[in-house]
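To start, the structure itself, in structure tokens.
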Amino acid sequence: DAGITQSPRYKITETGRQVTLMCHQTWSHSYMFWYRQDLGHGLRLIYYSAAADITDKGEVPDGYVVSRSKTENFPLTLESATRSQTSVYFCASSEQSSGNTIYFGEGSWLTVV
Amino acid sequence: GENVEQHPSTLSVQEGDSAVIKCTYSDSASNYFPWYKQELGKRPQLIIDIRSNVGEKKDQRIAVTLNKTAKHFSLHITETQPEDSAVYFCAAFTGANSKLTFGKGITLSVRP
């Protein structure tokens, strides 16, 4: 489980500010994902990446930007944070796409005030 | 796209009883169905999974069954213990778009 780490774990920011959540994995997994978890909505996919330099939108991508210049890193940026983006964000990784186990990071609690 | 639904949203059982959590999915092309357990304040962790070529899988006190015709799968927990109290998420994976779609989760409470 220590193979995928997120930072910061807790963040409070103001509306309109840019925030970047970092995700790093040491397993060399091809696939990486960003989910947000909100009460009543479960886990919703924001963006995912099949490999370095390949990213694609998930269910709720608006207001977020991702990049994957290196296999091990998958940062998520909120370009101009809004209160509706207050959430718990989970980064995850998977060895390959064909239904392999997805491993989650510990989560980043973000509050936008 | 895939739609995964879980029912009920909360479930309370007496310690020692069995618990059954049901999920339905919409995409007949989905071929992998994991279950994740999330304890309060922790990350979701895989507890069991099943692929579309298998009807049932067991691991000690937990089992998962899959009915492809009806497009539903269920998690069965026997001899429940207080430490089984958590949120349980089902999910369905569709290879066509390489996405894992989660249900909204069910909160299981095991009463001592």
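The values are calculated or read from the model by the stated rules, or taken from the named source; none is laboratory data. Keep in mind that this is a model prediction, so the values were computed, not measured. Glycine gets a Cβ as well: all are built from the backbone with ideal geometry, and neighbour counts include every protein chain shown.
A few points about this structure:
- Filtered residues of the range A:61-96 (kept if within 11 Å of another protein chain (Cβ to nearest Cβ), surrounded by fewer than 21 Cβ atoms within 10 Å (Cβ to Cβ) and either touching a Lys or Arg at 6+ places or on another chain (Cβ under 9 Å) or acidic (Asp, Glu) (or both)): A:VAL88
- Residue within the range B:91-106 that is more than 10 Å from chain A (Cβ to nearest Cβ) and assigned to a strand (DSSP E or B) present: no
- Residue match in the range A:100-112 (condition: in contact with an Asp or Glu (Cβ under 9 Å, 6 or more places away or on another chain), buried (at least 17 other Cβ atoms within 10 Å of the Cβ) and closer than 21 Å to B:VAL4 by Cα): yes
Residue-by-condition table, conditions (1) assigned to a loop (DSSP other than H, G, I, E, B); (2) surrounded by fewer than 18 Cβ atoms within 10 Å (Cβ to Cβ); (3) β-branched (Val, Ile, Thr):
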{"position": "B:GLY1", "(1), (2), (3)": "yes, yes, no"}
{"position": "B:GLU5", "(1), (2), (3)": "no, yes, no"}
{"position": "B:SER12", "(1), (2), (3)": "no, yes, no"}
{"position": "B:ASP17", "(1), (2), (3)": "yes, yes, no"}
{"position": "B:LYS37", "(1), (2), (3)": "no, no, no"}
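- Of the criteria (1) within 11 Å of chain B (Cβ to nearest Cβ); (2) assigned to a loop (DSSP other than H, G, I, E, B); (3) farther than 13 Å from A:ILE4 by Cβ, which one A:GLU106 fails: (3)
- In the range A:36-58, the residues that are more than 8 Å from chain B (Cβ to nearest Cβ) and either of a type in the set (A, V, I, L, M, F, W, C) or in contact (Cβ under 8 Å) with a residue 12 or more places away in the chain (or both): A:ARG36, A:GLN37, A:ASP38, A:LEU39, A:ILE46, A:TYR47, A:SER49, A:ALA51, A:ALA52, A:ASP53, A:ILE54, A:THR55
- Within the range A:22-48, restricting attention to residues that are over 9 Å from the mean Cα position of the chain (by Cα) and of a type in the set (A, V, I, L, M), the residue that is modelled with the lowest pLDDT is A:LEU39.
- Filtering the range B:44-65 to residues that are within 13 Å of chain A (Cβ to nearest Cβ) and touching a Phe, Trp or Tyr at 6+ places or on another chain (Cβ under 9 Å) leaves B:PRO44, B:GLN45, B:LEU46, B:ILE47, B:ILE48, B:ASP49, B:ILE50, B:ARG51, B:SER52.
- B:GLY41 meets all of the listed conditions (1) within 30 Å of A:ILE54 (Cβ to Cβ); (2) within 9 Å of chain A (Cβ to nearest Cβ); (3) surrounded by fewer than 21 Cβ atoms within 10 Å (Cβ to Cβ) but one, namely (1).
- Counting only residues that are at the interface with another protein chain (Cβ under 10 Å from one of its Cβ atoms) and not in a loop (DSSP other than H, G, I, E, B), the range B:19-34 holds 3 of them.
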